[in-house]
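Q: Handing you a structure now.
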Amino acid sequence: YEGHDGRPYRQRLLVVANRLPVSAVRRGEDSWSLEISAGGLVSALLGVKDFEARWIGWAGVNVPDETGQKALTKALAEKRCIPVFLDEEIVHQYYNGYCNNILWPLFHYLGLPQEDRLATTRSFQSQFAAYKKANQMFADVVNEHYEEGDVVWCHDYHLMYLPKCLKEYNSKMKVGWFLHTPFPSSEIQRTLPSRSELLRSVLAADLVGFHTYDYARHFVSACTRILGLEGTPEGVEDQGRLTRVAAFPIGIDSERFKRALELPQVQQHIQELQERFAGRKVMLGVDRLDMIKGIPQKILAFEKFLEENPNWRDKVVLLQIAVPTRTDVPEYQRLTSQVHEIVGRINGRFGTLTAVPIHHLDRSLDFHALCALYAVTDVALVTSLRDGMNLVSYEFVACQDAKKGVLILSEFAGAAQSLGAGAILVNPWNITEVAASIGQALDMRADEREKRHHHNFGHVTTHTAQEWAETFVSELNDTVVEAQLRTSK
Ligand code: ADQ
């Protein structure tokens, strides 16, 4: 294999995630069009030095027929992607059920299903069986494509059962697993009916990574309390075998944002936005519309701020951009209605014939529009109730080198550990505190803003996504070498 600069790649990196970084649309019986989602994760993994990355995952579409599967596999191969085909029933039970209805809320401290979600708990066993079956299907595809010397990196809560399946195929396979969400306190993990089986499966990996030291510590405590294993400063030991556990905080590709801001069309967009909101301070929220992002709490805090500060009412605007996700789930539908209801009430209460205090958009923005918005913002509001890291806070900072705006950041986002010194940290549940911090941010002196921005900008531009991926992969390689040394001793 050959690298970017003509040197041979040292190794292949098989990146396994629930979703491939492409959207696939069927154009005919045997033709597909593919669009690569150019997110930070993709550029990070493509940029890992000395490794040639290949992706293995679900393409997000149901392809029941063999002709379609063959054609899609061929089209994806050109993008270095390898599909795992999941049928509708498996997707329903594994993805909508076990992943999104059980693990996602649990890992964000929202607990196991109650009330209407309880119906799903009754089918818990079948959902867990589907979860294991789906993970085994991923393992089959990895095993089919694995070549000696490859490094396998599994991603996220969808694939906790995968390390075990892979090691059963080949105990010498180098397997790493990284969790993008928080790992909750062991007291929360204890409530999960399949707690031991999942922990043991993850422990089959050689390296287990989290965004923060706290999540890693929670994982080690869960293994000691629930499985009775020994936790060491390096990880978890089971009968002489060590699974290394550590924190690898993710970052973004900050150069991509810098380059975008220099484009004439983005500059033009920035100017239009500045004219549109002239005379008003711009506050911004960008989130997937998910319970964990604390959107209703954020909007209520903004209402409280307007209530207590009449002088600001016509001088500030909140732009809340919320991409709808999991729209077929009743809880998410309720959240959307709740947010619309609150926004409508506040706009009715504080709006005038010419201006409203909140612009709420239920949609995704393209990358350039997002960069322009970040650049014109005076205060960004990230009020997640829990969040593994939160990359929106990083993206905002990366686009603020000219303006040096203020970041209000939830203490329950992983990013609070890295951007805490530059941001105003808040408890998102305390609406009075968030309202006060909005006032503090809007009134902050330029020298103070500059100092805070300087701290955060330095962090975001040095701890990049590429550095994150490289550190994880090289540590995974070292882990395996160490383990081999141990056994040969
Ligand atoms: P997410 O929960 O999706 O990721 P986040 O880290 O903030 O949260 O990333 C969201 C991404 O989507 C950002 O790149 C953002 O620009 C984009 N996005 C969000 N709303 C958008 C909109 N309206 N229009 C366009 N783009 C939008 C999960 C975890 C996080 C963790 C990441 C990475 O929940 O905690 O930081 O994975 O590990």
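Rule-based calculations on the coordinates, nothing more; no lab input. Because the structure is predicted, anything quoted here is derived from the model rather than measured. Note: ideal-geometry Cβ built from the backbone for every residue, glycine included; neighbour counts use all protein chains shown.
Q: Determine the distance separating the Cα centre of the stretch 327-401 from the Cα centre of the stretch 215-287; give it in Å without decimals.
A: 19
Q: Using the alpha-carbon centroid of each, what span in Å lies between the stretch 140-191 and the stretch 44-116?
A: 14
Q: Over the Cα atoms, compute the radius of gyration (one decimal) and Dmax (the largest Cα-Cα distance, rounded to a whole number) for the chain, in Å.
A: 23.3, 79
Q: Would you be so kind as to identify which of 380, 476, 71 lies farthest towards the positive end of the dipole of the chain, taking Lys and Arg as +1 and Asp and Glu as -1 on Cβ and the Cα centre as origin?
A: Of the candidates, 380 comes out farthest on the positive side.
Q: Something else about it: Evaluate the relative contact order of the chain (contact order divided by residue number), counting alpha-carbon pairs under 8 angstrom at least 6 apart; express in whole percent.
A: For the chain, the relative contact order is 14 percent.
Q: I would also like to ask the following. Jot down the per residue volume, in cubic angstrom and as a whole number, of the convex hull over the alpha-carbon atoms of the stretch 97-222. Before the final figure, lay out the partial values.
A: Working: hull volume 11.6 nm³, N = 126.
It is 92 Å³ per residue.
Q: So what J values fall out for the stretch 464-479 if you push phi through Karplus, 6.51 cos²θ - 1.76 cosθ + 1.60 with θ = phi - 60°, rounded to Hz, Gly and Pro as x?
A: 8, 4, 5, 4, 4, 5, 5, 5, 4, 5, 6, 5, 4, 4, 4, 4
Q: Based only on Cα atoms, what Rg/Rh ratio does the stretch 218-281 have, Rh being taken as Kirkwood's radius?
A: Details: Rg = 24.5 Å, Rh = 16.4 Å.
So for the stretch 218-281, dividing Rg by the Kirkwood Rh gives 1.50.
Q: Quick check on the chain: helices-only [θ] at 222 nm, where DSSP H runs of length 4 and up contribute -39,500 (n - 2.57) each and the sum goes over total residues. Nearest 500, please. Could the numbers behind the result be given before it?
A: Values: 19 runs with 220 residues, N = 489.
About -14000 deg cm²/dmol.
Q: What full-extension length gain, to one decimal in nm, is calculated for residue 450 and residue 125 as 0.36 nm per residue of separation minus the Cα-Cα distance? Display every interim value, and only then the final one.
A: Details: separation 325, 0.36 × 325 = 117.00 nm, distance 5.38 nm.
The span from residue 450 to residue 125 would gain 111.6 nm if fully extended.
Q: Positive end of the charge dipole of the chain (Lys, Arg +1 and Asp, Glu -1 on Cβ, about the Cα centre): tell me which of 305, 347, 113 has its Cα farthest that way.
A: 305
Q: Which whole-number percent is the relative contact order of the stretch 274-396 (Cα, under 8 Å, 6+ apart)?
A: Reported relative contact order: 40 percent.
Q: Please compute the Kirkwood hydrodynamic radius over the stretch 244-328, one decimal place, Å, based on all pairs of different Cα atoms.
A: On the way: mean 1/r = 0.0614 Å⁻¹.
After inverting the pairwise mean of 1/r, the radius is 16.3 Å.
Q: Sorted by average packing, counted as other Cβ atoms within 10 angstrom per residue and highest first, what order do 80-89, 170-179 take? Working shown, then result.
A: Working: 80-89: 16.7, 170-179: 20.3.
Descending packing order for the listed peptides: 170-179, 80-89.
Q: Amide H neighbours of residue 424 under 5 Å, at least 5 residues apart or on other chains, H built in the peptide plane: list them.
A: Under 5 Å from the amide H of residue 424: 407, 408, 409.
Q: Roughly what would the spin-label model give for residue 147 and residue 37, points 7 Å off Cα along C-beta, in nm?
A: 2.9
Q: Sticking with this structure for a sec: What does the extension gain come out to for residue 232 and residue 30, with contour length at 0.36 nm per residue minus their alpha carbon separation?
A: 67.4 nm
Q: Same structure, new question: Long-range amide H contacts for residue 174: which residues qualify at under 5 Å (H placed 1.01 Å from N, peptide plane, sequence gap of 5 or more or a different chain)?
A: Residues meeting the criterion, in which the H sits 1.01 Å from N, are 152.
Q: Also: Going down the list 79/293; 293/404; 132/174; 293/315; 174/258, which pairs span over 28 Å between their C-alpha atoms?
A: 79/293; 174/258
Q: Next up: For the stretch 142-298, what percent of Cα pairs sit more than 22 Å apart?
A: Cα-Cα pairs in the stretch 142-298 separated by more than 22 Å: 56 percent.
Q: Here is a follow-up. Taking the chain as the reference, fit the longest principal axis to its C-alpha atoms, fit the long axis of helix 66-77 to the helix C-alpha atoms, and give the angle between the two in degrees, 0 to 90, nearest 10.
A: Compared with the principal axis, the helix lies near 70 degrees.
Q: Now a separate question. Run the numbers for residue 262 and residue 349: contour at 0.36 nm per residue of separation, minus the present Cα-Cα distance, in nm.
A: In short, 27.4 nm is gained.
Q: Turning to a different aspect of this structure: What is the spin-label model distance, in nm, from residue 364 to residue 341 if the labels are put 7 Å beyond Cα along the C-beta direction?
A: Here the answer is 2.9 nm between the modelled labels.
Q: Give the residue from 285, 427, 152 lying farthest towards the positive end of the charge dipole for the chain; charges sit on Cβ (+1 for Lys and Arg, -1 for Asp and Glu) and the dipole is referred to the Cα centre.
A: 427
Q: In addition: Which far-off residues, 5 or more places away or on another chain, put their amide H under 5 Å from the one on residue 235, with H placed in the peptide plane?
A: Correct list: 245.
Q: Along the Cα→Cβ direction, 7 angstrom out, place labels at residue 70 and residue 300. What is the inter-label distance in nm?
A: 5.8
Q: Using the per-residue mean of other Cβ atoms lying within 10 Å as a proxy for protection, in what order, highest first, do the peptides 442-455, 52-65 fall?
A: My ranking of the peptides, most packed first, is 52-65, 442-455.
Q: In the stretch 357-457, how does Rg compare with the Kirkwood Rh, expressed as the Rg/Rh ratio over alpha carbon atoms?
A: Checking Rg against Rh, the ratio lands at 0.94.
Q: Counting only Cα atoms, I'd like the Rg/Rh figure for the stretch 328-402, Kirkwood definition for Rh. The partial results should precede the final answer.
A: Details: Rg = 15.0 Å, Rh = 14.9 Å.
My calculation of the ratio gives 1.01.
Q: Hey, another quick one. Return the sequence-ordered ³J(HN,Hα) values of the stretch 226-232 in whole Hz as given by the Karplus equation 6.51 cos²θ - 1.76 cosθ + 1.60 applied to θ = phi - 60°, using x for Gly and Pro.
A: 8, 9, x, 8, 9, x, 10
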